[in-house]
C-alpha cells in the first residue's frame, strides 16, 4: 500500500504492556478531510466510542489516534478523563479543534488508559509522522491478530484515479450487529461526509456486519473512513455524482476484503467458512438464518472435525426463528447437495464432500425455497485453539 | 424413585445403534391420565414433536414411547411414516386410540427411524412392562449423557400425599427459547389437563427455559407431564383448587432440579455457573442479559480458565441490546463485588475471588440499578472437552 496523499502516519511505543513493539499510531489528515464512521451498538461502549459518535456529527477530521493493549472500556471517569487528555494532546500538537480528532483503543477491558503513557505516546508518534507506512500502522494497532490485515482498491472518479486503503485489527470478540473491531479506511478521493457515511454504512452491512468469529461483540468496535480529497477529483456529493458508483464499489470491495481477513485470523481458526442462504422470505430473514448457522458451536465444531453434519445445519436453521419449511430445505457442502426437500439425498457421493471438508475454504449452502431472500455470512471453525487462547488470555 | 401408581415402565433394546444397552422405553399410563407438554420452537421439528403437539390438544394419555440413538428429525416422509407406524403399534398393543400415545426420539438427525426395529422395540418393551424402574427408563433414554438424571418431590393436595417424579436426558444442543431436551414428569395426582399445562408452562419458564449449554436448540426438545390421578385426591381443576399451590410448587421444584442436572452434565463442562441479574428494566430484559452472559463463549472460556474476567461480562451485558448504564453497573463473582458503578473496585480482595473460581459452582452476579427486573440462568463453562465431543460426534 503506497502512501495516500493527505495522510501522514507516525507510530511509537507508549508501553501499554511490557513490550517493545509499537502500540500507538497517529495519523495526520490534510485540512478538508471528511470522515464517516460506524460504531459498536454495545450498550457499554468505551469513552473513545462515545467521543467518535459525537465527533462524527461534524463530518470533518484532522487526526486519528489509536492505542493497542488497553481498550479503556468500562473504566469510569478515570478512563473518560484519560481519553479526553489524549484527544487534547493530539489537538494541540496537530493544531486543530479537539472535535476534529478521532480516537480508538483496543485491548484489555477495565483498566483506565494510563494518561502519562497516552500523552507521551502522542508526542512520540507525532515526532515520527511521515516515517511510518500503512503496514507499520497495521502492526501497531494489532493485539491477538496473528497477521497484519490491509486491503486496497482504486476507482476512476470523474476522470481522476483515486485510491482507497483500509487497515483492520481483530480476531476474537467478533460478531455482527455493529461495526466490528477497529477498521480504518483512507482515500485521497474528495467525498462529502454525508455521502461517505451513506456509502460506508451500506458497505458495512455486507462486510463487517456479515462476519462472526464467536458471536461476541466488542465494547470498542469502530470503523472510520477518511477522505482527504487530495486526489483532486470533483467532490462526490450525491449518489448521482459522476464516479460515485465506482467509488462506492471500490469502498465496498475494501470493506469486504478486510472483513474476510478478520475471519481468516479468527482465534483458533483452521477453516474459513462461507455460509450462503437463498430462498428465504426476504434478505433480513436470510441473514438471521445465515448467522444462526455461522454462530452455532455445533456447526462450527463439526466443520473443525471435517464432518458433513448437515443435521446440525438443520438444527441451526430451525432455531433461527425465521420462516422455514423442513420439507423444502436443500443443503449443500461445496458443490454437493447432501439434503434436498427435507431429507438426505439417498445416494449422494461422499468423496467430493470429504475432499471439500478436508480443505481450508468451506462453503455451506442452504436453499429454503420460500422467497427471494439471500444473504452471505463469513465465519470460521471452532477449535481447541479458541479455548486455549481464551481460557488463558488475561493472565 | 419408588413406583408411581398408574405408571408401568418397560425398557428394551431396539438396536438403533450397534450396542446392547436399552434404547427404548415404553410407559403405560392408567386410564384417565391427563397430560401437558412444552415442545421445541424449532422451525424444523421432528415428526415426533409434530405428533405430540397435535395430541396434546386432547389432554389425555395412555402411553409414552421413547427412542434413543435416532432422533428421526429431518427424515422426510420416511421418518413420518416410521413414527406413525410406531404410534400405531403402541396403540394396538396398549389398546387405545393413537391420539393417546405420545412419542419422543433423540439421537442422530437425518436418519429415518428404522421401522422394523421401532415396532419390534414396542413389542419387546411391552413384554417387559412393570419390570423397569424410573432409573432404568432414565438410562434407556440417554445419549451423550454421562449420568442418569431424575428428580422427585411430594405435595399434600387436599389432605392426600401426591408424588412427582421427573426424568430427563440432555447435555448438548441445549439452549432456551423452548422446552429443552427430553424430559418426562409423572405424578399420581389428579390434575385437569388445562391446569397441568398452565403449571408446566410456568415451571418451564424458570427451569428448562432458563438453562443453556451451547446456545444450540434441538429439533426434538420435548417435556411432557403425565398425571395418573391414582393418588385419589380431589382433582385439581383451577389454580384456586385446595392444594394447587403446593402441587405447582412441587412441580416447579422437580423441573428446576432436572434443568440444573442437564447443565451439570453439559458437554465438556467442568463448572456449573449461576448467572443472577438484578436491577434490569423488567424481568424479560433481565433474562435477555443473563442469557447473553451465559451464552458468551468468552465468558464461558474465562470461567473454564478460572479467570475473574469481568471485562467480558461487561461485554456480554453491552451486546445484549437491553437498557444498561455502563456507569451504574455492579459485577460480582461469588460474594465479592469486583466492579461497581462502572469501574473496577480498586482494592477488592482477589483471594476469595480466586478461591470461588477454583471451585465447581460459580456465581456471576450483575446489578444494573435501573429497575426491578430479575432473572437467574444456569449454564456451564466451555472447555476443550466440548470441542473434543462435538468435533468428532457423527463419525
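The values are calculated or read from the model by the stated rules, or taken from the named source; none is laboratory data. Model, not experiment: these values are computed from the prediction. Using ideal geometry, Cβ is built from the backbone for each residue, glycine included, and neighbour counts are taken over all protein chains shown.
Among the conditions (1) part of a strand (DSSP E or B); (2) farther than 26 Å from residue A:205 by Cα, the only one that residue A:365 does not satisfy is (2). Restricting the stretch B:111-132 to residues that are out of contact with any strand residue (DSSP E or B) (no Cβ under 7 Å at 6 or more places or on another chain) and assigned to a loop (DSSP other than H, G, I, E, B) leaves a set whose member that is nearest to the other protein chains (Cβ to nearest Cβ) is B:112.
Can you tell which of B:227, B:244, B:256, B:248 is within 12 Å of the chain's Cα centre (by Cα), over 26 Å from residue B:74 (Cα atoms) and either at pLDDT 80 or above or buried (at least 24 other Cβ atoms within 10 Å of the Cβ) (or both)? Only one candidate qualifies: B:256. Across the stretch B:79-110, what is the number of residues that are surrounded by 18 or more Cβ atoms within 10 Å (Cβ to Cβ), within 14 Å of chain A (Cβ to nearest Cβ) and at pLDDT 90 or above? The total comes to 5. Could you tell me whether residue B:327 is facing chain A (nearest Cβ under 8 Å) and in a loop (DSSP other than H, G, I, E, B)? For residue B:327, the condition - facing chain A (nearest Cβ under 8 Å) and in a loop (DSSP other than H, G, I, E, B) - is not met. If the condition is being assigned to a loop (DSSP other than H, G, I, E, B) and closer than 21 Å to residue B:108 by Cβ, then the stretch B:133-147 contributes B:142, B:143, B:144, B:145, B:146. Go through the residues of the stretch A:363-382 one by one and say whether even a single one is out of contact with any strand residue (DSSP E or B) (no Cβ under 7 Å at 6 or more places or on another chain), buried (at least 17 other Cβ atoms within 10 Å of the Cβ), touching a residue at least 40 places away in the same chain (Cβ under 8 Å) and at the interface with chain B (Cβ under 8 Å from one of its Cβ atoms). Yes, the stretch A:363-382 contains a residue that is out of contact with any strand residue (DSSP E or B) (no Cβ under 7 Å at 6 or more places or on another chain), buried (at least 17 other Cβ atoms within 10 Å of the Cβ), touching a residue at least 40 places away in the same chain (Cβ under 8 Å) and at the interface with chain B (Cβ under 8 Å from one of its Cβ atoms).
Being closer than 23 Å to residue A:60 by Cβ, crowded, with 24+ Cβ neighbours inside 10 Å and modelled with pLDDT of 80 or more is a description that does not apply to residue A:221. Restricting attention to the stretch B:122-160 and to residues that are under 13 Å from residue B:10 (Cβ atoms) and in contact with a helix residue (DSSP H, G or I) (Cβ under 8 Å, 6 or more places away or on another chain), the residue that is surrounded by the most Cβ atoms within 10 Å (Cβ to Cβ) turns out to be B:122. Residue check: is residue A:83 within 26 Å of the chain's Cα centre (by Cα) and not in a helix (DSSP H, G or I)? Taking the combined requirement at face value, the residue does not satisfy it. In the same structural domain as residue B:31 (by TED's automatic domain parsing), free of Cβ contacts under 8 Å to residues at least 60 places away in the same chain and at positive phi: is that true of residue B:69 in this structure? Considered against the rule, which asks whether it is in the same structural domain as residue B:31 (by TED's automatic domain parsing), free of Cβ contacts under 8 Å to residues at least 60 places away in the same chain and at positive phi, residue B:69 comes out as no. A single member of A:88, A:155 is assigned to a strand (DSSP E or B), more than 19 Å from residue A:224 (Cβ to Cβ) and either touching a strand residue (DSSP E or B) at 6+ places or on another chain (Cβ under 6 Å) or in the same structural domain as residue A:255 (by TED's automatic domain parsing) (or both), and it is A:155.
For the stretch A:277-289, a residue qualifies if it is touching a strand residue (DSSP E or B) at 6+ places or on another chain (Cβ under 6 Å) and either over 23 Å from residue A:170 (Cα atoms) or within 14 Å of chain B (Cβ to nearest Cβ) (or both), and the qualifying residues are A:277, A:278, A:279, A:280, A:281, A:282, A:283, A:285, A:286, A:289. Scanning the stretch A:330-344 for residues that are surrounded by 13 or more Cβ atoms within 10 Å (Cβ to Cβ) and more than 11 Å from chain B (Cβ to nearest Cβ) yields A:330, A:332, A:333, A:334, A:336, A:337. If you check B:256, B:252, B:286 for being assigned to a helix (DSSP H, G or I), in contact (Cβ under 8 Å) with a residue 40 or more places away in the chain and out of contact with any helix residue (DSSP H, G or I) (no Cβ under 8 Å at 6 or more places or on another chain), only one passes: B:286. Checking every residue in the stretch B:234-241 against the condition of being over 13 Å from residue B:36 (Cα atoms), modelled with pLDDT of 85 or more and surrounded by 24 or more Cβ atoms within 10 Å (Cβ to Cβ) gives at least one match. Of the residues A:374, A:332, A:312, A:355, the single one that is within 24 Å of the chain's Cα centre (by Cα) and either in the same structural domain as residue A:286 (by TED's automatic domain parsing) or not in a helix (DSSP H, G or I) (or both) is A:374. Scoring residue B:273 on the criteria (1) out of contact with any helix residue (DSSP H, G or I) (no Cβ under 9 Å at 6 or more places or on another chain); (2) in a strand (DSSP E or B) leaves a single failure, condition (1). Which residues, taken from the stretch A:20-60, are assigned to a loop (DSSP other than H, G, I, E, B), touching a strand residue (DSSP E or B) at 6+ places or on another chain (Cβ under 6 Å) and farther than 24 Å from residue A:114 by Cα? Scanning the stretch A:20-60 gives A:33, A:59. Within the stretch B:345-361, the set of residues being within 14 Å of chain A (Cβ to nearest Cβ) and surrounded by 14 or more Cβ atoms within 10 Å (Cβ to Cβ) comprises B:345, B:348, B:353, B:354, B:357.
Applying the criterion of being assigned to a loop (DSSP other than H, G, I, E, B) and touching a helix residue (DSSP H, G or I) at 6+ places or on another chain (Cβ under 6 Å) to the residues of the stretch A:61-78, the residue that is farthest from the other protein chains (Cβ to nearest Cβ) is A:62.
Scanning the stretch B:91-110 for residues that are within 18 Å of residue B:184 (Cβ to Cβ) and part of a helix (DSSP H, G or I) returns B:94, B:100. Regarding the stretch A:290-307, can at least one residue be identified that is more than 11 Å from every other protein chain (Cβ to nearest Cβ), assigned to a loop (DSSP other than H, G, I, E, B), surrounded by 20 or more Cβ atoms within 10 Å (Cβ to Cβ) and within 23 Å of the chain's Cα centre (by Cα)? No, the stretch A:290-307 has no match at all. Checking the structure you have, find out if any residue of the stretch A:33-49 is surrounded by fewer than 18 Cβ atoms within 10 Å (Cβ to Cβ) and modelled with pLDDT of 90 or more. The answer is no; no qualifying residue exists.
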